[in-house]
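Encoded as structure tokens, the structure appears first; notes follow it.
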Amino acid sequence: MDSVSLSEVTVMRKTHLGFMHSFRQPFSGVTISPKFCHSKGSRAISSSVSSTKSQYVYGESLAATADSDYKMNGLTLKNRISSVKERLLLDAFDDEYGGVVVDHGKLPSSPTVFTSMLQSSLSDWRRKGKKGVWLKLPVEQSELEGFEYHHAEKGYVMLTYWIPEEEPCMLPANASHQVGVGGFVLNQFKEVLVVQEKYCTSSNTGLWKLPTGFINESEEIFSGAVREVKEETGVDTDFLEVIAFRHAHNVAFEKSDLFFICMLKPLSDKIIIDNLEIKAAKWMPLVEFVEQPMIKGDKMFKRVIEICEARLKHRYCGLSPHRLVSAFDGRPSSLYYNVVDDDDDPSHSNCRAEFY
């Protein structure tokens with residue numbers, strides 16, 4: 001398939017094409033397929049508009065109007081160029097967090113065209129104030145025949161290739177789970193620390209919820225829960241125990257999800273919210289919190305609240321972390337457990353400890 005270098009195209013002055021800077025810069029020195037340009041015949045656009053009455057774009061005549069707009073097949077030039085520009089952008093849709101998700105089913109097959117369209121799209125998204133970009137590349141577009149994508153990190157992409165065709169692949173799969181935490185923080189007035197997220201689904205608008213977040217790489221569950229509460233609300237806490245955890249499947253990126261509900265003891269009460277993620281935060285009476293329609297109608301969360309209330313009355317005991325060294329690898333790790341009554345070592349149990 002023939003391609004057309006942008007060096008062949010002379011563009012009009014910026015005063016006549018307001019978007020031309022973003023149109024030209026990302027594509028400098030690359031080629032674009034006529035399939036996307038819809039070009040034919042002469043491909044030149046005159047840079048001089050003051051001395052002529054008509055110009056040519058993609059082989060079609062432009063008639064100048066009194067207000068310096070140019071007509072081509074009944075359309076103004078700016079509308080025509082806008083239409084052409086749209087064809088040079090990747091198909092994408094907005095997500096709920098100010099970003100975009102690229103439609104991987106409509107990616108161009110040519111690597112050169114893809115690179116050009118990606119650069120142009122990034123310029124367009126930046127101009128529109130977009131934030132994160134999700135780009136999924138199908139394995140069919142890998143130029144390493146026979147290799148499969150395994151996982152990717154910021155600094156690399158890992159691919160695998162299993163050589164023995166007569167044997168099943170024994171290479172371990174990529175990580176199958178993501179881990180999240182939620183902090184249940186209750187003060188001496190039986191008020192629970194709650195937040196409203198800045199970005200959420202329409203069904204959750206106005207909902208007051210527990211501070212939540214994901215565990216970082218090499219981070220403990222207990223320290224991650226304390227960190228998330230601090231980051232979102234500014235409140236310092238002590239970790240007490242894991243009250244319960246939820247196991248769900250086919251969540252983000254078709255991965256399974258482990259979500260640990262943690263009870264934390266407040267060490268401060270002043271709230272300083274994280275303006276990037278959180279819209280508002282406050283101490284809310286527990287009875288008011290559980291009466292929210294979204295909370296009241298969720299059977300699983302209702303049970304979580306029942307468990308937390310049972311813990312406050314010492315009728316239930318969660319799991320506390322204990323640092324131990326395993327002989328298998330010689331490394332310290334956290335074992336979460338609780339012994340209700342251990343005469344040999346009372347420190348094994350904190351079930352008698354007060355929550356606040």
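The values are calculated or read from the model by the stated rules, or taken from the named source; none is laboratory data. In this text the structure is predicted, and so the values were computed from the model without any measurement. All Cβ positions, even for glycine, are placed from backbone atoms using ideal geometry, and neighbour counts span all protein chains on display. All accessible areas refer to the heavy atoms of the entire protein, side chains included, with ligands and DNA or RNA removed. Shrake-Rupley method; radii C 1.70, N 1.55, O 1.52, S 1.80 Å.
Quick one: in segment 123-137, which of the residues that are open to solvent by 40 Å² or more (accessible area, probe 1.4 Å) and touching a helix residue (DSSP H, G or I) at 6+ places or on another chain (Cβ under 8 Å) is modelled with the lowest pLDDT?
Checked segment 123-137; the qualifying residue modelled with the lowest pLDDT is Leu137.
Could you say whether any residue in segment 140-155 is surrounded by 12 or more Cβ atoms within 10 Å (Cβ to Cβ), touching a residue at least 12 places away in the same chain (Cβ under 8 Å) and aliphatic (A, V, I, L, M)?
So far as segment 140-155 goes, no, none of its residues is surrounded by 12 or more Cβ atoms within 10 Å (Cβ to Cβ), touching a residue at least 12 places away in the same chain (Cβ under 8 Å) and aliphatic (A, V, I, L, M).
Can you tell me how many residues within segment 314-356 are at negative phi and at pLDDT below 85? Spell out the reasoning first.
Quick first cut of segment 314-356, residues at negative phi only: 315-329, 331-356.
This time we only want the ones that are at pLDDT below 85, so: 339-356.
Residues in segment 314-356 being at negative phi and at pLDDT below 85: 18 in total.
Scan segment 177-193 and tell me whether some residue there is of a type in the set (D, E, K, R), at pLDDT 85 or above and under 30 Å from Asn275 (Cβ atoms). Outline the logic, then answer.
Residues of segment 177-193 of a type in the set (D, E, K, R): 190-191.
So of that shortlist, the ones also at pLDDT 85 or above come out as 190-191.
In the following step, the residues that additionally are under 30 Å from Asn275 (Cβ atoms) were identified as 190-191.
Looking through segment 177-193, at least one residue is of a type in the set (D, E, K, R), at pLDDT 85 or above and under 30 Å from Asn275 (Cβ atoms).
For Ile215, state whether it is touching a helix residue (DSSP H, G or I) at 6+ places or on another chain (Cβ under 9 Å), of a type in the set (Val, Ile, Thr), in the same structural domain as Leu319 (by TED's automatic domain parsing) and under 22 Å from Ala175 (Cα atoms).
Working: touching a helix residue (DSSP H, G or I) at 6+ places or on another chain (Cβ under 9 Å): yes; of a type in the set (Val, Ile, Thr): yes; in the same structural domain as Leu319 (by TED's automatic domain parsing): yes; under 22 Å from Ala175 (Cα atoms): yes.
Considered against the rule, which asks whether it is touching a helix residue (DSSP H, G or I) at 6+ places or on another chain (Cβ under 9 Å), of a type in the set (Val, Ile, Thr), in the same structural domain as Leu319 (by TED's automatic domain parsing) and under 22 Å from Ala175 (Cα atoms), Ile215 comes out as yes.
Can you pull out the helices (runs of 4 or more DSSP H) entirely within segment 200-317 that have at least 2 residues that are crowded, with 17+ Cβ neighbours inside 10 Å and small (Gly, Ala, Ser)? Steps first, please.
Numbers: elements: 221-233, 286-290, 293-296, 299-312.
Ranges flagged: 221-233.
State the number of residues belonging to segment 89-110 that are surrounded by fewer than 17 Cβ atoms within 10 Å (Cβ to Cβ) and under 24 Å from Phe253 (Cβ atoms).
The total comes to 13.
Just need a number here: residues in segment 184-199 that are buried (at least 17 other Cβ atoms within 10 Å of the Cβ) and under 30 Å from Lys154 (Cα atoms).
Total meeting the criteria: 1.
Collect the residues in segment 111-122 that are open to solvent by less than 50 Å² (accessible area, probe 1.4 Å) and either farther than 15 Å from Val101 by Cα or not assigned by TED's automatic domain parsing to the domain that holds Gly99 (or both), keeping them in residue-number order.
Passing the criteria: Val113, Phe114, Ser116, Ser120.
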